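The values are calculated or read from the model by the stated rules, or taken from the named source; none is laboratory data. Bear in mind the structure is a predicted one, so any value in this text is a computation, not a measurement. Heads up, the Cβs are rebuilt from the backbone with ideal geometry, glycines too, and the neighbour counts pull from every protein chain shown. Areas reflect the complete protein model, heavy atoms only, side chains present, ligands, DNA and RNA absent. Shrake-Rupley method; radii C 1.70, N 1.55, O 1.52, S 1.80 Å.
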Amino acid sequence: MRTLIGEAGGLRTPGPSAEAYAPANIALCKYWGKRDNELNLPVTASLSISLGRLGTRTRLTPRSGADDRITLNGDPVPADSVFARRLRTFLDPFRAGEAKAFEIETENTIPTAAGLASSASGYAALVMALDRLFGFNWSPAQCSIAARLGSGSACRSIGHGFYRWNRGEREDGMDSFAVPVDTPWPELRIGLLHISSGEKNISSRDAMKRTVETSPLYREWPGKVERDLPRLAEALADRNLHIAGAVSENNALSMHATSLGAWPPVLFWLPETVEKLHAVWQARADGLSVYATMDAGPNIKLLYEASAEPAIRERFPTLEPVSPFEEMPEKSPGAVSGSRVD
Ligand code: PMV
């Protein structure tokens, strides 16, 4: 982080306060495994879709007191919580002069009940608020690198549309950031199927680490991503749901398979996850074009096109649909996809 601050000419006096919004994102080709645990450097590239209106809005205000004050959806966050501790450490390089502490007001537009991780949008919004507060004028790549240091997948949350996180080669991670993939697909829908918002029994960080260290199946993963990414990119450009959906679903299931091969085993699914997966496969057998993906938790996200929504809603009444290309808060005027949120 100090490199990025240095590149911007160092810490200057912050403004009175700054605010930013960042969308959550769902990987269609997953980031699974780090080659550097401190810098969140991935073993492979990955590709995601941002969730438009579902994300995080963060307001940052420097304060003269000694301690940060953090609220989440209006409620104070206990200072000794994991969330608060991670945030404080992340903010340490930005403390100087009078502004040794911050008031951090965070609002998630992701319904808690959706059971979606919000750390990606959270760190991306925080970085963009810091950029505004200190007037760094960071490029999208610099914002992406800064967000990556908070949470790997956050580097793909700095804008709307599809983002590809390039693995990079450098040890300092300065070439490991996400770039927009400019292939808008206005009919694409992401349907959230909420299964549980309970605490996960293992964090994605620990699950990845254990998988990389103990699962014999992990050996297959980098090659799998290398094959999936170009097919996926081509299918997105062609708006071919049949291929994009199949590659995404297979990629997610393969990621989960690598974790099952870890010891002790890592299984994020609940019985209802399996039940819903069968329902997705039945829907396809009945002629509906719908595909599933899952992250480090039990919840399922469906991929389909707008025209299929009524039939999909009938089968999945609790579905929460998102239109990633039609509902973009703070979209730059004129941009359709891959636009930086500013
Ligand atoms: O950024 P993290 O540490 O929360 O890891 C995210 C990992 C997955 O969600 C499972 C995959 C991904 O690419 O987002």
- Within region 242-265, is there a residue that is open to solvent by 70 Å² or more (accessible area, probe 1.4 Å), of a type in the set (A, V, I, L, M, F, W, C) and within 15 Å of the ligand (Cβ to nearest atom)? yes
- Message: open to solvent by less than 70 Å² (accessible area, probe 1.4 Å) and either over 25 Å from residue 46 (Cβ atoms) or out of contact with any Asp or Glu (no Cβ under 9 Å at 6 or more places or on another chain) (or both): is that true of residue 296 in this structure?
- Response: yes
- Item | Residue satisfying all of: in region 203-226; charged (D, E, K, R) and closer than 28 Å to residue 118 by Cβ; most open to solvent (accessible area, probe 1.4 Å) among these | 213
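Going through region 180-201 one residue at a time, which ones are farther than 30 Å from residue 238 by Cβ and either part of a strand (DSSP E or B) or not acidic (Asp, Glu) (or both)? If you could, list the steps in order and put the result at the bottom.
Step one: filter region 180-201 for residues farther than 30 Å from residue 238 by Cβ, giving 194-201.
194, 195, 196, 197, 198, 200, 201 - these are the residues of region 180-201 that are farther than 30 Å from residue 238 by Cβ and either part of a strand (DSSP E or B) or not acidic (Asp, Glu) (or both).
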- Task: Can you confirm whether region 26-39 contains a residue that is free of Cβ contacts under 8 Å to residues at least 24 places away in the same chain and part of a loop (DSSP other than H, G, I, E, B)?
- Result: yes
- How many residues does region 1-13 hold that are open to solvent by less than 30 Å² (accessible area, probe 1.4 Å), in a loop (DSSP other than H, G, I, E, B) and touching a helix residue (DSSP H, G or I) at 6+ places or on another chain (Cβ under 8 Å)? 1
- Across (1) away from the ligand (no atom under 14 Å from the Cβ); (2) under 30 Å from residue 218 (Cα atoms), residue 40 clears everything bar (1)
- Answer yes or no as to whether residue 289 is within 18 Å of the chain's Cα centre (by Cα), in a loop (DSSP other than H, G, I, E, B) and either modelled with pLDDT of 95 or more or on the phi < 0 side of the Ramachandran plot (or both). no
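Could you tell me whether any residue of region 294-304 is closer than 16 Å to residue 244 by Cα and more than 24 Å from the chain's Cα centre (by Cα)? Steps first, please.
If we filter region 294-304 for residues that are closer than 16 Å to residue 244 by Cα, which is where we start, we get 294, 301-304.
Still in the list and also more than 24 Å from the chain's Cα centre (by Cα): none.
No, region 294-304 has no match at all.
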- Message: I need a count of the residues in region 191-229 that are within 18 Å of residue 46 (Cα to Cα) and either within 16 Å of the ligand (Cβ to nearest atom) or at pLDDT below 95 (or both).
- Response: 15
- Message: Which of the numbered conditions does residue 291 fail, given that it passes all the others? Conditions: (1) over 14 Å from residue 190 (Cα atoms); (2) free of Cβ contacts under 8 Å to residues at least 60 places away in the same chain; (3) surrounded by 17 or more Cβ atoms within 10 Å (Cβ to Cβ).
- Response: (1)
- Query: So which helices (runs of 4 or more DSSP H) stay within region 66-179 end to end and still have 3 or more residues that are exposed (fewer than 15 other Cβ atoms within 10 Å of the Cβ)?
  - Reply: 82-91
- Query: Got at least one residue in region 277-286 being more than 17 Å from residue 30 (Cα to Cα) and within 16 Å of the ligand (Cβ to nearest atom)?
  - Reply: no
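Would a scan of region 148-166 turn up a residue that is of a type in the set (Ser, Thr, Tyr), within 14 Å of the ligand (Cβ to nearest atom) and over 18 Å from the mean Cα position of the chain (by Cα)?
Residues of region 148-166 that are of a type in the set (Ser, Thr, Tyr), as a first pass: 151, 153, 157, 163.
Within this subset, residues satisfying the condition of being within 14 Å of the ligand (Cβ to nearest atom) are 151, 153, 157, 163.
Pick out the ones that are also over 18 Å from the mean Cα position of the chain (by Cα) and you get none.
No: zero hits.
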